[in-house]
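The values are calculated or read from the model by the stated rules, or taken from the named source; none is laboratory data. Note that the structure is a prediction, hence the values are computed from the model and not measured. Quick reminder, even Gly has a Cβ in these numbers, built from the backbone with ideal geometry, and neighbours come from all protein chains shown. Surface accessibility is based on the protein's heavy atoms, side chains included, excluding ligands, DNA and RNA. Shrake-Rupley method; radii C 1.70, N 1.55, O 1.52, S 1.80 Å.
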Amino acid sequence: MVSRIKNNGGKMENGVIVIGIAGGSGSGKSTMINLIKKEFDEEITIISHDFYYKCHDDIPFEERKKLNYDHPDAFDTDLMISHLRELKAGNKVNRPVYDYTVHNRKKDGTAELLPSKVVVAEGILIFENKELRDMCDIKIFIDTDADVRIVRRIVRDVNERGRSLESVIGQYLATVKPMHEQFVEPSKKYADIIVPEGGYNKVALSMIIHRIKALLSE
């Protein structure tokens with residue numbers, strides 16, 4: 001547990017640094033996050049916006065499939081902000097667990113997130129929300145060509161999330177692409193650093209890992 005220091009306008013509370021990583025679906029965020037996690041394991045905390053998709057127990061599965069999951073209203077962002085505050089205060093939280101195969105939160109419990117000196121917050125829309133982005137001390141945007149992003153999304157959703165090729169393409173054209181253009185791409189202007197290709201950019205990844213090591217050693 002880090003010792004408490006005075007809160008400076010939401011920054012550096014308890015000596016905790018929040019690194020925000022945003023970017024479009026299929027941009028390489030997950031690859032970067034997984035490589036960072038592999039490097040630091042439990043030394044850092046990773047909190048994903050995707051954990052906080054809203055619960056839809058009241059909507060049948062066939063109707064849940066039609067919802068727009070790329071709009072800011074699809075997320076319980078207030079809960080994520082609350083949990084991020086708790087982590088910055090040095091407290092553990094129990095975050096939701098989301099099941100992409102049924103488009104809903106799992107009913108059998110939550111997952112525990114422990115506080116640490118470096119917290120990585122990630123998601124396609126975390127810079128779209130002012131309160132959430134203002135909690136990030138370092139803001140990184142992953143910028144990748146749209147053609148590459150859709151191919152990666154198809155591979156991921158078919159292989160890992162049990163989706164059909166037709167459903168992935170349909171969802172991309174109906175919601176992913178327009179929501180990216182309306183919300184995700186404009187949020188790039190808030191980034192401190194723009195990284196082409198995400199985790200596939202080995203030079204940028206090395207620099208980010210080096211920076212996290214320096215923060216942990218302070």
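Taking the highest mean first, how do the peptides 138-146, 92-100 order by number of other beta carbon atoms within 10 angstrom per residue?
Highest-to-lowest ranking by the protection proxy: 138-146, 92-100.
Return the carbon/sulfur percentage of the accessible area of the chain, one whole number, probe 1.4 Å, all protein chains in place.
52 percent
Just to verify a number: what accessible area does residue 205 come out at with the full protein assembly present, 1.4 Å probe, Å² rounded to tens?
Approximately 10 Å² of residue 205 is accessible to the 1.4 Å probe.
What is the gain in length, in nm to one decimal, between residue 67 and residue 161 on full extension, counting 0.36 nm per residue of separation less the C-alpha to C-alpha distance?
Answer, rounded to one decimal: 32.2 nm.
Between residue 102 and residue 154, what is the label-point separation in nm under the 7 Å Cα-to-beta-carbon projection?
3.0 nm
How would 55, 136 rank on accessible area, largest to smallest, probe 1.4 Å?
The residues order as 55, 136, largest area first.
What value, in deg cm²/dmol to 500, does the helix sum -39500 (n - 2.57) over DSSP H runs of n ≥ 4 give at 222 nm once divided by the residues of the chain?
-9500 deg cm²/dmol
Rank 111, 127, 209 by how far each Cα sits towards the positive end of the charge dipole of the chain (+1 on Lys, Arg Cβ; -1 on Asp, Glu Cβ) and give me just the farthest.
Farthest towards the positive end: 209.
Nothing charged except the Cβ atoms of Lys and Arg (+1) and of Asp and Glu (-1): what's the magnitude of the dipole of the chain about its Cα centre? Round to the nearest 20 debye.
The calculated dipole for the chain is roughly 400 debye.
In terms of Cα to Cα distance under 18 Å, which aspartates and glutamates are near enough to residue 88, apart from those fewer than 8 places away along the same chain?
Within the straight-line limit of under 18 Å, residue 88 reaches these aspartates and glutamates: 13, 42, 43, 78, 112, 122, 131, 134, 137, 218.
Find the accessible area per residue for the chain; the probe is 1.4 Å, ligands and nucleic acids are left out, and the unit is Å².
51 Å²
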